[in-house]
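Beneath this line is the structure, given in structure tokens, with notes to follow.
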Amino acid sequence: MQDQINQYTVEIEEFAPANAAQLEEYRIRFLGTKGIVKDLFEQFKAVSPEEKRVLGKVLNQFKQLAEAKYNEFKDGFESEGQNGAADIDLTLPGEGFAVGSRHPLSLVRNEIIDIFKRLGFVVAEGPEIEDDWHNFSALNFPEEHPARDMQDTFFIKKEAGNDIALRTHTSSVQVRMMEQGKPPFRAIMPGRVYRNEAISARAHCFFHQVEGLYIDENVSFADLKQTLFHFVTELYGEGTKVRFRPSYFPFTEPSAEMDISCTICKGSGCNMCKYTGWVEILGCGMVDPNVLENCGIDSKKYTGFAFGMGIERIANLKWVIRDLRLFSENDVRFLRQFKTEII
Ligand code: DAH
């Protein structure tokens, strides 16, 4: 028996498990209910009393050694799975950390703001819930005038002469700006606007605009043209052509719509420009003297221009987004396609 114990002692001392499975094998072999330690104690019962005195001590030390070895490794392997392989494989590549990206409309809005900031324009904002005066009357929309029907309005409160509505355009911010300050004004006004339209791929009940206003002494239509030409060259690159078509807005006189050479086909004709080579990007004009007077500005001394563009439209010309609804559905499969920009 002594020999057996000596042999096992050597085995235990040399034992160095590589994983939890080997340690478990060891436990069963030495410490299990049918294991070696148990077996030796069984045999011990049969030895003579003289031998027992010596062997008893040896056997107890052996048992402690077997247990100590097991405990030594037990903690180290505790987090391992059944198969003995470590749960954490440090050689695996790390899990991807998804960084959010700017919404495409924010990207475009920021780009527009940057271009105009470099020209000395400041950024201004106004409320989305507007009164009749700021959204219509001050902008030279007479009451009952059919021009009011150009934009289907969501009314919040109908009250003769003082309707409250969701603003239909950012032009209302021009009025607030001119009422509150003194010329010269040079500002752009981004924001959300609302119109009572059935939602489809091509129309939505809310969208985004950027309004521009420049009022000073001796501002001419040439200033308007050059400013907007500079803007589209910055936005779409050198070689972008522009053309102005006469148009009508109650708050500008003369009024125009500006087209640029199609950003997709560069003018050769495609689906986006309906094979005309041109796409409309904004409305503009010289601020009507009536509007200046409505806002307390001397129209004999000051002149100026204004313009308004849809952000969705600009984004569409950049990325060809066929369905307007994508902008407000927040489907990450759509959103994560746009370049990440952390400001
Ligand atoms: N407010 C117009 C619209 O929503 C856009 C617009 C046209 C704004 C001409 C202007 C402008 O400032 O001069 O359709």
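The values are calculated or read from the model by the stated rules, or taken from the named source; none is laboratory data. This structure is a prediction, so every number in the text was calculated from the model and none was measured. A quick note on method: Cβ atoms are made from the backbone with ideal geometry, for glycine too, and the neighbour counts reach across all protein chains shown.
Say whether the condition of being under 32 Å from the mean Cα position of the chain (by Cα) and β-branched (Val, Ile, Thr) is met by at least one residue in the range 212-222.
No: the range 212-222 contains no residue that is under 32 Å from the mean Cα position of the chain (by Cα) and β-branched (Val, Ile, Thr).
Kindly indicate whether VAL210 is within 12 Å of the ligand (Cβ to nearest atom) and either in a helix (DSSP H, G or I) or buried (at least 20 other Cβ atoms within 10 Å of the Cβ) (or both).
It is true that VAL210 is within 12 Å of the ligand (Cβ to nearest atom) and either in a helix (DSSP H, G or I) or buried (at least 20 other Cβ atoms within 10 Å of the Cβ) (or both).
For every residue, the table says whether it meets (1) within 13 Å of the ligand (Cβ to nearest atom); (2) not hydrophobic (A, V, I, L, M, F, W, C).
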position: THR153; (1), (2): yes, yes
position: ILE156; (1), (2): no, no
position: VAL173; (1), (2): yes, no
position: MET177; (1), (2): yes, no
position: ALA187; (1), (2): yes, no
position: TYR194; (1), (2): yes, yes
position: HIS204; (1), (2): no, yes
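Check every one of the strands (runs of 3 or more DSSP E) wholly within the range 112-169 and list those with 1 or more residues that are loosely packed, with under 12 Cβ neighbours inside 10 Å.
Where strands (runs of 3 or more DSSP E) fall fully within the range 112-169 and carry at least 1 residues being loosely packed, with under 12 Cβ neighbours inside 10 Å, they are 155-157.
For LEU335, all conditions in the list (1) over 28 Å from the mean Cα position of the chain (by Cα); (2) farther than 21 Å from VAL210 by Cα; (3) crowded, with 16+ Cβ neighbours inside 10 Å hold save one; what is the number of the exception?
(1)
Write out, first by first residue and then by second, each pair whose Cβ atoms fall under 8 Å of each other, whose residues are 6+ apart or on separate chains, and whose first residue, in the range 24-52, is over 19 Å from GLU67 (Cα atoms) while the second is outside any loop (DSSP other than H, G, I, E, B).
VAL47/LEU55; LYS52/PHE44
This table checks each residue for (1) away from the ligand (no atom under 16 Å from the Cβ); (2) surrounded by fewer than 21 Cβ atoms within 10 Å (Cβ to Cβ); (3) outside the structural domain of ALA198 (by TED's automatic domain parsing); (4) within 17 Å of MET189 (Cα to Cα).
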{"site": "PRO289", "(1), (2), (3), (4)": "no, yes, no, no"}
{"site": "GLU293", "(1), (2), (3), (4)": "yes, yes, no, no"}
{"site": "GLY296", "(1), (2), (3), (4)": "yes, yes, no, no"}
{"site": "ALA306", "(1), (2), (3), (4)": "no, no, no, yes"}
{"site": "MET309", "(1), (2), (3), (4)": "no, no, no, yes"}
{"site": "ILE314", "(1), (2), (3), (4)": "no, no, no, yes"}
{"site": "TRP319", "(1), (2), (3), (4)": "yes, yes, no, no"}
{"site": "LEU324", "(1), (2), (3), (4)": "no, yes, no, no"}
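Suppose the filter is closer than 28 Å to ASP223 by Cβ, away from the ligand (no atom under 14 Å from the Cβ) and either touching a Leu at 6+ places or on another chain (Cβ under 7 Å) or touching a residue at least 40 places away in the same chain (Cβ under 8 Å) (or both); does LEU282 pass it?
Taking the combined requirement at face value, the residue does not satisfy it.
Can you tell me which residue among ALA46, ALA66, ALA18 is surrounded by fewer than 15 Cβ atoms within 10 Å (Cβ to Cβ) and closer than 30 Å to ILE88 by Cβ?
Unique residue meeting the criteria: ALA18.
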